[in-house]
1. If I take R0 = 25 Å and measure r between the Cβ atoms of E69 and T33 in this structure, what FRET efficiency does the formula 1/(1 + (r/R0)^6) give, to the nearest 0.05?
2. If you stretched the chain out fully between R131 and K15, how much longer would it get, using 0.36 nm times the residue separation minus the C-alpha to C-alpha distance?
3. Roughly how many nanometres apart are two label points built 7 Å out from the Cα toward the Cβ at A53 and R117?
4. Could you list L135, L16, L98, L51 in order of exposure, starting from the residue whose Cβ has the fewest other Cβ atoms within 10 Å?
5. Where in the stretch 62-132 are there trypsin sites (Lys or Arg not before Pro) that are in a DSSP coil and have at most 12 other Cβ atoms within 10 angstrom of their Cβ?
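Please treat every number below as a calculation from the coordinates, not as lab data. These numbers come from a predicted model, not from an experiment. No Cβ is skipped: glycine too gets one built from the backbone with ideal geometry, and neighbour counts run over all protein chains shown.
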Amino acid sequence: MASFSPFVTIFNQNKLTRSNCVDWKRNFDIVLTTEEHKYVLTQPCHNFPSLDAPFEEKQRYNRWQKSNEMAKCYMLASISNVLQRQMQDVELASDIMLSLKEMFGEQGHFAKQETMRQIYNTKMTYGTLVRDHSLRMISNLNTLEVLGADIDGES
């Protein structure tokens, strides 16, 4: 009997739609981080190594290529069939992600604004545990991070 990756279940239950792009991105980041492939979304591919390149350089190139393929497969598995057909020939996982951000970015912008509003307006109410308040604030900050917001000292 074949065993299925738990990620198949995550992707089957969380296909990307206009209304769930924030949750989809969070789940996608979890999977890529767990599988150690997330770096291909932010780090460019190394140049194809020459025949006389050191073994480590060839290994680094091959690892990046494999991680890019895995990230693409996970991404394609978690989007609609229509989007799959549009994206299937795109070579880089980072380019697919960029296209998806462009398509669904407006919702992300509104989600960022709403989360920032929650952070600014959240006050600890009398009788509430500090732990519960802290967890709520941490959750909001994590949501902003998933949405790609820059959180610095001025924020």
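1. With R0 = 25 Å, the Cβ-Cβ based efficiency is 0.90.
2. 38.5 nm
3. Distance between the two pseudo-spin positions: 4.9 nm.
4. L51, L135, L98, L16
5. K123
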